[in-house]
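Engineer: Got a structure here, written out as structure tokens. Questions coming.
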Amino acid sequence: MQNPSLLVAFLVFAAVMFFTPGPNNIMVMSSGLTHGFRRTLPHITGVVIGFAFMVGAVGVGFGTIFIAFPLLQVMLKYAGAAYLVYLAVMIAMSGPPRPGETARGPMTFWGAAMFQWVNVKGWVAIIGTITAYAAIASFPMNIVLQVLIFLVMGTASITTWTLFGSALRPFLTSALAVRAFNLVMAALLLASLYPVFME
């Protein structure tokens, strides 16, 4: 271990990034309420593995593409913002399924994994990780450590938010209550776009 105090700082940074509200947390909480924990598992797995893969890919040099082609990063940022607006609308419109109605299912593993590439908060976390905390160990062990820490913390965070949404199911029994909850979640998801437009 090259710098134990930097590792502690990185753990704090990762905990703040993972456990505070953001697009992933809000979406899995809403999915936990609407679909339950078990049906949200592919979404959870896609977020955790997709994000960890992204950290590893950027850490070993994929980020140089964005340095060479900055327009690509701008395009991804706004594509991500547009997709988040779409997801917010879908969450706002969703409610509990009516008897005999097939509800729109939760996000798939691949959908959640690919979403990480347009997740604005995710990019903030990754850029901070790769630039500010690279010295936690020598390369490539620093990237391995970052990926492992993100796998563990991502699993803990996403699972906690999903369980919280699932735990609300017995209390939000009416269609009106579920619709109100999802409207709040959609508003929070839209609020998470604030950093995109303030840059």
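Engineer: Only one residue in SER157, SER138 is touching a residue at least 24 places away in the same chain (Cβ under 8 Å) and part of a helix (DSSP H, G or I). Which one? Spell out the reasoning first.
Structural biologist: On the way: SER138 fails: part of a helix (DSSP H, G or I).
None of the other options fit; the residue is SER157.
Engineer: To continue, here is another question. Could you tell me which residue of the range 128-154 is nearest to GLY46 (Cα to Cα), considering only residues that are surrounded by fewer than 17 Cβ atoms within 10 Å (Cβ to Cβ), of a type in the set (Val, Ile, Thr) and more than 15 Å from the chain's Cα centre (by Cα)?
Structural biologist: Restricting to residues being surrounded by fewer than 17 Cβ atoms within 10 Å (Cβ to Cβ), of a type in the set (Val, Ile, Thr) and more than 15 Å from the chain's Cα centre (by Cα), the top hit is VAL144.
Engineer: Being surrounded by fewer than 24 Cβ atoms within 10 Å (Cβ to Cβ), under 26 Å from LEU183 (Cβ atoms) and of a type in the set (Ser, Thr, Tyr) is the filter here, so list the residues in the range 7-61 that pass it.
Structural biologist: The answer is THR20, and nothing else.
Engineer: Now for a separate question. If you check VAL89, VAL58, VAL48, which single one turns out to be β-branched (Val, Ile, Thr), part of a helix (DSSP H, G or I), more than 19 Å from VAL28 (Cα to Cα) and modelled with pLDDT of 75 or more? Working first, answer last.
Structural biologist: Numbers: VAL89 fails: more than 19 Å from VAL28 (Cα to Cα); VAL48 fails: more than 19 Å from VAL28 (Cα to Cα).
Step by step, each of VAL89, VAL58, VAL48 is checked, and only VAL58 is β-branched (Val, Ile, Thr), part of a helix (DSSP H, G or I), more than 19 Å from VAL28 (Cα to Cα) and modelled with pLDDT of 75 or more.
Engineer: Hey, among the residues in the range 167-192 that are at pLDDT below 75 and part of a loop (DSSP other than H, G, I, E, B), which one's nearest to TYR83 (Cα to Cα)?
Structural biologist: Per the stated criteria, the residue is SER192.
Engineer: Is it the case that LYS77 is charged (D, E, K, R), in a helix (DSSP H, G or I), within 26 Å of PHE19 (Cα to Cα) and modelled with pLDDT under 75?
Structural biologist: Working: charged (D, E, K, R): yes; in a helix (DSSP H, G or I): yes; within 26 Å of PHE19 (Cα to Cα): yes; modelled with pLDDT under 75: yes.
Taking the combined requirement at face value, the residue satisfies it.
Engineer: Listed residues GLY105, GLY128; which is at pLDDT below 80 and in contact with a Lys or Arg (Cβ under 9 Å, 6 or more places away or on another chain)? Full working, then the answer.
Structural biologist: Details: GLY128 fails: in contact with a Lys or Arg (Cβ under 9 Å, 6 or more places away or on another chain).
It is GLY105.
Engineer: Same structure, new question: In the set TRP123, TRP117, TRP110, which member is touching a helix residue (DSSP H, G or I) at 6+ places or on another chain (Cβ under 9 Å), assigned to a helix (DSSP H, G or I), of a type outside the set (A, V, I, L, M) and at pLDDT 90 or above? Talk me through it step by step, then tell me what you get.
Structural biologist: Details: TRP123 fails: at pLDDT 90 or above; TRP117 fails: at pLDDT 90 or above.
Going through TRP123, TRP117, TRP110 in turn, just one is touching a helix residue (DSSP H, G or I) at 6+ places or on another chain (Cβ under 9 Å), assigned to a helix (DSSP H, G or I), of a type outside the set (A, V, I, L, M) and at pLDDT 90 or above: TRP110.
The values are calculated or read from the model by the stated rules, or taken from the named source; none is laboratory data. A quick note: this is a predicted structure, and the numbers were derived from the prediction, not measured. Positions of Cβ are generated from backbone atoms using ideal geometry, with glycine treated the same way; all protein chains shown enter the neighbour counts.
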